[in-house]
There are 2 protein chains.
Amino acid sequence: EVIARAAADMFETGALQGKRVVITAGPTREALDPVRYISNHSSGKMGYALAEAAAAAGAQTTVISGPVNLPAPERVSVVPVTSARDMLEACEQALPECDIFIACAAVADYRPADVQTQKIKKGPDEVHLALVKNPDIVAAVAASDHPVFTVGFAAETQQVIEYARGKLERKGLDMIVANDVSDQGIGFNSEENEVTVLWADGEIALPRAGKSTVAAGIIAQIALRLSP
Amino acid sequence: EVIARAAADMFETGALQGKRVVITAGPTREALDPVRYISNHSSGKMGYALAEAAAAAGAQTTVISGPVNLPAPERVSVVPVTSARDMLEACEQALPECDIFIACAAVADYRPADVQTQKIKKGPDEVHLALVKNPDIVAAVAASDHPVFTVGFAAETQQVIEYARGKLERKGLDMIVANDVSDQGIGFNSEENEVTVLWADGEIALPRAGKSTVAAGIIAQIALRLSP
């Protein structure tokens, strides 16, 4: 009830009026060769819902989006990218013009060490694929010289809150949104979500709801923490 | 012109009336853990276009489809699957009720040797992923006891015709459709295609056209080879 009122207030007052919000969304795709890639089940729905909520709260909003099948929300600029390195580059370019950065994309942790220029032919029964770590986009943003309010996401399948708080501290984030993707009804590719928003000295659980309602709740929490 | 006339004849006469056609379409996804997978850029458009053309020629048509964003064509049953092993199982189940099998799906050649039940945590800078070979669906169908007219696809980036003819012979197929996916204007995820149809003692190049026109041309060639 308090949350709902706070959320309503945010949108009545245009709580993010004059703020510039950059949101990453969707999966990244890491090429193995011209036709194959490694990716994940992120649909981009949560990131796009956050973009809609940010725009509704008055923010100038940009989504840096991996490959998804979603229309661009109204009043939101969409910058399409493919790989984690593409996404980092787009974020770095956007950063000087950004007050709030929300890293909602499910960025691939690893990419193939070598990208083949020709389609790899079927060969032996077993092969070993060398993978190297991708850049950590949200940590890079949090550590940059630009004073940006940085929000991460932690999609986990176990010990969700514990992992999320560790990530908040380790990466120097201002806020993190934790959700349990082992629950089929929420998270990746579903219509609903149920998250806990954590910051240095507090946390709040947002009840299960449609992704646009959850997004509005997260945007409200960001506005509250920005100007306590 | 001759091709166009042959194609038109096929559809006027319901050339596949009474035939049961099973078509695989789209990519497969091979899980690494609950959220990550290996896949490829197949959109499923060619397979779905073939299903429409087969249904238009009078065939009872089933598509066994990997994850795509396409509506089910009219008068076509769609069986959704995810991995190559799922797809093989669905094909084996469909085979006793099948006269013509068209393997249009871009089946992953390899899958992760181990599927983790929990999301893999980011760890060392470099990791090695063990991959094992997936079943060869079209070869399994061609080698089965059911007398099915079997059509394969060869999506290649180099020496396309040469590879395709090798595949036709090695896998014991009745026909193979070769296309050059290194050309960005055709093949994976594009609206057009340009293919060469090969069989034991002949081949025919179908000119670049929309995927539904190319699909009709392929279905016409199948009908011609079935009943010469």
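Observations on the structure shown:
- Some residue of segment A:190-199 being within 14 Å of chain B (Cβ to nearest Cβ) and farther than 19 Å from B:ILE120 by Cα: yes
- Pair list, Cβ under 7 Å, 6 or more apart: segment A:52-68 residue closer than 17 Å to A:GLU92 by Cα, other residue open to solvent by less than 10 Å² (accessible area, probe 1.4 Å) and among the polar types (S, T, N, Q): A:ILE64/A:THR24; A:GLY66/A:THR28
- The listed residue being small (Gly, Ala, Ser), part of a helix (DSSP H, G or I) and more than 13 Å from chain A (Cβ to nearest Cβ), out of B:ALA94, B:ALA139: B:ALA94
- Counting the residues of segment B:111-130 that are at the interface with chain A (Cβ under 7 Å from one of its Cβ atoms), in contact (Cβ under 8 Å) with a residue 24 or more places away in the chain and either among the hydrophobic types (A, V, I, L, M, F, W, C) or under 20 Å from B:ILE64 (Cβ atoms) (or both) gives 1.
- Every condition in (1) small (Gly, Ala, Ser); (2) in contact with a Lys or Arg (Cβ under 7 Å, 6 or more places away or on another chain); (3) within 14 Å of chain B (Cβ to nearest Cβ) holds for A:SER42 except the one numbered (2).
- Number of the exception - B:ALA178 against (1) within 14 Å of chain A (Cβ to nearest Cβ); (2) surrounded by 19 or more Cβ atoms within 10 Å (Cβ to Cβ); (3) within 19 Å of B:LEU88 (Cα to Cα): (3)
- Scanning segment B:109-128 for residues that are of a type outside the set (Gly, Ala, Ser) and under 16 Å from A:GLY123 (Cα atoms) returns B:ASP109, B:TYR110, B:ARG111, B:PRO112.
- Scan of segment B:130-146 for residues that are touching a strand residue (DSSP E or B) at 6+ places or on another chain (Cβ under 7 Å), more than 17 Å from B:ALA103 (Cα to Cα) and open to solvent by 20 Å² or more (accessible area, probe 1.4 Å), ordered by number: B:ALA130, B:VAL132, B:LYS133
- Check on B:ALA154, modelled with pLDDT of 90 or more, buried (at least 20 other Cβ atoms within 10 Å of the Cβ), farther than 16 Å from B:GLY47 by Cα and not β-branched (Val, Ile, Thr): no
- Boolean, A:ALA200 is touching a residue at least 24 places away in the same chain (Cβ under 8 Å) and open to solvent by 70 Å² or more (accessible area, probe 1.4 Å): yes
- Residue ranges of strands (runs of 3 or more DSSP E) in segment A:6-88 with at least 2 members open to solvent by 20 Å² or more (accessible area, probe 1.4 Å): A:60-65, A:76-80
The values are calculated or read from the model by the stated rules, or taken from the named source; none is laboratory data. Everything numeric here is computed off the predicted structure, so don't read it as measured data. All Cβ positions, glycine included, derive from the backbone under ideal geometry; neighbour counts span all protein chains shown. With ligands, DNA and RNA removed, areas are computed over all heavy atoms of the protein, side chains included. Shrake-Rupley method; radii C 1.70, N 1.55, O 1.52, S 1.80 Å.
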